[in-house]
1. Please report the antiparallel percentage of DSSP beta bridges with both residues in the chain, rounded to the nearest 5.
2. Based on the Kirkwood radius over alpha-carbon pairs, what is the Stokes-Einstein translational diffusion coefficient of the chain at 25 °C with 0.890 mPa s viscosity, in µm²/s?
3. Which of these, GLY45, GLY27, GLY63, has the largest mean-square fluctuation under a Gaussian network model of the chain (Cα springs below 10 Å)?
4. For SER62, which sequence-distant residues (separation of 5 or more, or a different chain) have an amide H within less than 5 Å of its own amide H, given hydrogens modelled in the peptide plane?
5. Report, ordered by chain and residue number, the aspartates and glutamates lying within cross-link reach of LYS2, taken as a straight Cα distance under 18 Å and ignoring same-chain residues fewer than 8 apart.
6. Per residue of region 53-62, in order, report the coupling 6.51 cos²θ - 1.76 cosθ + 1.60 (Karplus, θ = phi - 60°) as ³J(HN,Hα) in whole Hz, putting x for Gly and Pro.
7. For the chain, what's the relative contact order in percent, using C-alpha pairs closer than 8 Å and at least 6 residues apart?
Amino acid sequence: MKVKIISPEKVVYEGETSLMQIPGIDGSFEILNNHAPIISVLGKGNIRVVTKEKELLFPINSGVLECSSNNIQILVQ
């Protein structure tokens, strides 16, 4: 899956992922390959991005996520 995490200042991360764990406002959830299209509001927590080489954590206060056709875009604060 392709993922792009964008803050008001810059692109925080852009790359490939096999799994993402997201802090939704109603609880944490995961996105895997071929996930159904989704738009979600995010709460305070960490976005966990798992790649073939490593695992990355991005702390956020809030945000919005859109996932469609294995493309994930996340706007964060």
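1. Values: 32 of 37 bridges.
The antiparallel fraction comes to roughly 85 percent.
2. Working: Rh = 12.1 Å.
Reported coefficient: 202 µm²/s.
3. Maximum among the listed residues: GLY27.
4. Residues meeting the criterion, in which the H sits 1.01 Å from N, are GLN77.
5. GLU14, GLU16, GLU30, GLU53, GLU55, GLU66
6. 8, 7, 10, 10, 10, 10, x, 9, 9, 6
7. On the way: 185 pairs, mean separation 25.4, N = 77.
Here the relative contact order equals 33 percent.
We did not get these values from a lab; they are worked out from the coordinates using the rules stated. Quick caveat, the model's predicted, so the values are computed rather than measured.
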